[in-house]
Amino acid sequence: MGGTGTGTPRGGTGTGTPVKPAAPLSTSDELFIDALRDIYNSSIGADAVYTPLAGAAVSCRVVLNRNVVLQPVSMETQVVEVGTTIEVIIIDLGKLPERGETFTIGAEIFTVQAISRNDGDEVEVTVT
């Protein structure tokens with residue numbers, strides 16, 4: 001839904017690190033997160049359960065994108081494949097998703113393969 005790269009979430013230090021703001025979120029940050037939640041809570045979002053490798057499962061809302069054209073990051077050729085991605089608000093998970101963790105949406109289980117985008121507020125992961 002915005003930005004690119006695998007940057008650090010607000011208040012976090014990287015993959016696997018809990019996302020706890022060092023200071024309370026500013027009013028503008030709170031308004032932005034609330035707006036994101038409104039989008040995820042609309043018909044575009046889906047209920048999911050995020051299961052980390054360690055710790056308790058977390059209920060959240062996600063955006064599931066099927067048949068996405070993916071291009072490997074380390075390739076300098078025109079290689080593409082079609083895959084599935086999931087977008088989620090980072091602070092709702094409490095950490096960045098890691099390879100091998102899962103999102104369950106209905107009866108389907110999606111396994112995280114890699115972070116494809118992280119803008120500090122929401123993260124998109126490639127899943128299988």
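Within region 99-123, name every residue whose backbone N is under 18 Å away from a label modeled 7 Å from Cα of Leu70 along the Cβ vector. Of the residues in region 99-123, 99-105, 108-119, 123 have backbone N under 18 Å from the label point off Leu70. Taking Cβ atoms as reference points and 15 Å as the exclusive limit, the residues near Thr102 contribute a net charge of -2, counting Lys and Arg as +1 and Asp and Glu as -1.
Here region 27-99 is treated as an ellipsoid with the same Cα gyration tensor; its semi-axes, largest first and in whole Å, are 26, 17, 13.
Each peptide in 39-49, 95-105, 115-125 receives the mean, over its residues, of other Cβ atoms within 10 Å, and ordering these scores from highest gives 115-125, 95-105, 39-49. What is the calculated FRET efficiency for Leu31 to Ser59, with r their C-beta to C-beta distance and R₀ = 22 Å, to the nearest 0.05? Efficiency at R0 = 22 Å is approximately 0.40.
Bear in mind that the values in this text are calculations on the coordinates, not laboratory data. Just so you know, these numbers come straight off a predicted model, no measurement behind them. FYI the Cβ positions are ideal-geometry reconstructions off the backbone, even for glycines, and counts take in every protein chain you see.
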